[in-house]
Amino acid sequence: KFMQQKDYVIQKLINNNVVFSLDENGNEIILFGKAIGFNKKRGDRIAAAAVIKRFEMADPNQKNYLTNLVETIQPVYIDLAAKIISLFEENLDIKVNDMMIISLSDHLSNAVANKQEGFEVPLDILTEIKNVYPKEFRIATEALGLVEQELSVSLGEDEAGYIVLHYLNSAGSQY
């Protein structure tokens, strides 16, 4: 993973749960953590223990893409994605790629917006996902319960299938 440091200094505040900082070598990184940016400003310190995920941006294109994405995703979706990732990691004992928190946050945000507009995206391979990945599908169904609990929006089981696909993509070669 990465070398643990004592703490980070906020370079830019995105929201209560996402900040930009610098790593040990002075490279820009994005930090995710529950309320790590709450009541904080540029120059304030964050304890490394409070950081849930850390993203290092290798190239400028990735940096711009990630910056735009994390600035537009509402914090509630980042929190939900972190909870869903924890469900998968705890139940299946497989670590996911750090990018899952961003891709899943973005997906959940779009899925909820679509549902509120009366539009749902069917998943053609839902039956296959249920049959080939029953444990993952059960966890994803549990994740839909979290979405409903947090946002009072009930997503269909197609969305559980999409969550499984995000998980499988992020678990990668471990599968």
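The values are calculated or read from the model by the stated rules, or taken from the named source; none is laboratory data. All figures in this text were calculated on a predicted structure; none of them were measured in a lab. For neighbour counting, all protein chains shown are included, and Cβ atoms are generated from backbone atoms with ideal geometry for every residue, glycine included. SASA here: full protein model, heavy atoms, side chains in, ligands and nucleic acids out. Shrake-Rupley method; radii C 1.70, N 1.55, O 1.52, S 1.80 Å.
The table that follows gives values for the structure above.
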| quantity | calculated |
| --- | --- |
| Relative contact order (%) - region 10-150, alpha-carbon pairs under 8 angstrom, separation at least six | 17 |
| FRET efficiency estimate (nearest 0.05) - Cβ-Cβ, K83 to N39, R0 22 angstrom | 0.45 |
| Loop chymotrypsin sites (Phe, Trp or Tyr not before Pro), region 67-143, which have at most 14 other Cβ atoms in a 10 Å radius of their Cβ (DSSP) | F119 |
| Semi-axes of the equivalent ellipsoid for region 76-175, Cα gyration tensor, largest first, Å | 20, 16, 12 |
| Ratio of Rg to Rh over region 20-118 (Cα coordinates, Kirkwood Rh, two decimals) | 0.98 |
| Residues of region 1-154: accessible area per residue with a 1.4 Å probe, Å² | 56 |
| Peptides 100-108, 16-24, 149-157 ordered by average Cβ neighbours within 10 Å, highest first | 100-108, 16-24, 149-157 |
| 222 nm mean residue ellipticity, helices alone, for the chain (DSSP H n ≥ 4; -39,500 (n - 2.57); rounded to 500) | -16500 deg cm²/dmol |
| About the Cα centre, charge dipole magnitude for region 1-156 (Lys/Arg +1, Asp/Glu -1 at Cβ), debye | 560 |
| Computed E for N131/S154 - FRET, C-beta separation, R0 22 angstrom, nearest 0.05 | 0.40 |
| Accessible-area composition of the chain, carbon plus sulfur, in percent [1.4 Å probe] | 48 |
| Distant alpha-carbon pairs in region 115-158 (separation over 12 angstrom), percent | 64 |
| Linear extension gain, N110 paired with L69, 0.36 nm per residue minus alpha-carbon span | 13.5 nm |
| Debye equation applied to the C-alpha atoms of the chain, log10 I(q)/I(0) at 0.08, 0.12, 0.17, 0.20 Å⁻¹ | -0.26, -0.58, -1.07, -1.34 |
